[in-house]
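A short reminder: the numbers here are calculations on the coordinates, not readings from a lab. Here the structure is a predicted model, which is why all the values come from computation and not from measurement. Here the Cβ positions follow ideal geometry from the backbone for every residue, glycine too, while neighbour counts run over all protein chains shown.
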């Protein structure tokens, strides 16, 4: 059975009414018939729900569906993508450990790695996404984890999952992959050897800008550790958000087909535009990692990046001239979104740090929506005329 079909058929709790859609379980806690049932639940001898910070039927359905889509054994859903990332770090890293990360990552993840992990005595090193051959020299005896995004945010670098997995296994390291940009429709990191797969469910998984959510996926042994950390610290996904996200997964494949086809169309039409220094999209032959994308991705995803030759002033003029595209720091919505990473998602990086990960003053990130592709392109061209 196709993963999407199998995920949709994942139904974990029935009320006896044979409902076609999972009911919402908007409760903080659950009751037991007797003391023995309650004891067994707290002793982990049964899978009974105890408290919605630990587990909830709506959350379980979302997690079960994501396990099917990513081909992973288990998962734990969190309140946001960043809480999933932080949980994956704090569960497996301790004082004296070292984290190896690709340099091009989401701005908030950069802040966690550079500002907060050192407070717990966890050191880090950054490596360039396109030069995996140099990564091994950065591994130390205290390195415990390799963390990557692919494609990266917002530079759209594509990292060879097979090559990084070989490196991680050679040194006995956990490979932790943020698969937010690709989604399991385009790419399944676990198929290439990733130990942990993370999503900000807020983005493409929801797909309509309605709720926050995140998830960490892996084998049962690893996720048990994530569960114990999150059970005590509390970054749990709300049942209502889980219900929304679970329903959203039923349309994920058809949405991503449209997002990616719109993004490819935009990238091809903008490639070579006189006001742009470059256009970047994984399925463009001009992308520096195009050959890797063809090997491990089924499509290029819904994000297109380009650089305006006029720098930050052109970027402002471009954004101000848009009429249909939303100006937002979010992505993965039904509606197309334009953002300027240097002044928004990555504003807390120094200029040198932004340049090191390919974020110039003129970089624009487009999240291709589900609108008519000609309408999206016309609005972007209108913005370029004003840039």
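Data overview
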| item | result |
| --- | --- |
| Relative exposure of 94, 119, 294, judged by other C-beta atoms within 10 Å (fewest first) | 119, 94, 294 |
| On Cα atoms only, tilt of 220-233 relative to the major axis of the chain in degrees | 90 degrees |
| GNM result for the chain, Cα springs below 10 Å: residue of 47, 157, 195 fluctuating most strongly | 47 |
| Degrees between helix 252-270 axis and first principal axis of the chain (Cα, 0 to 90, nearest 10) | 10 degrees |
| As computed over the stretch 253-386, the Cα convex hull volume per residue (Å³) | 103 Å³ |
| The chain: relative contact order as a whole-number percent, Cα under 8 Å and 6+ apart | 17 percent |
| Candidates 344, 46, 109, ranked by Gaussian network fluctuation over the chain, Cα under 10 Å, top entry | 46 |
| Kirkwood Rh, angstrom, the chain [1 / mean 1/r, Cα pairs] | 21.6 Å |
| Residue 320-residue 335 pseudo-label distance in nm [points 7 Å out on the Cα-to-Cβ vector] | 2.1 nm |
| C-alpha long axis of helix 239-248 to longest principal axis of the chain, angle in ° | 60 degrees |
| Euclidean distance of C-alpha centroids, the stretch 172-233 and the stretch 69-121, integer Å | 11 Å |
| Estimated [θ] at 222 nm from DSSP helical runs (n ≥ 4, -39500 (n - 2.57)) normalised by residues in the chain, nearest 500 | -10500 deg cm²/dmol |
| Fraction of antiparallel bridges per DSSP, the chain only, in percent to nearest 5 | 55 percent |
| Label-point separation, residue 386 to residue 39 (7 Å along Cα→Cβ), nm | 7.1 nm |
| Distance between modelled label sites at residue 95 and residue 294, nm, 7 Å Cα→Cβ extension | 5.2 nm |
| Fewest-first sequence of 135, 278 by Cβ atoms within 10 Å of each Cβ | 278, 135 |
| Exposure proxy order (Cβ contacts within 10 Å, fewest to most) of 102, 67 | 67, 102 |
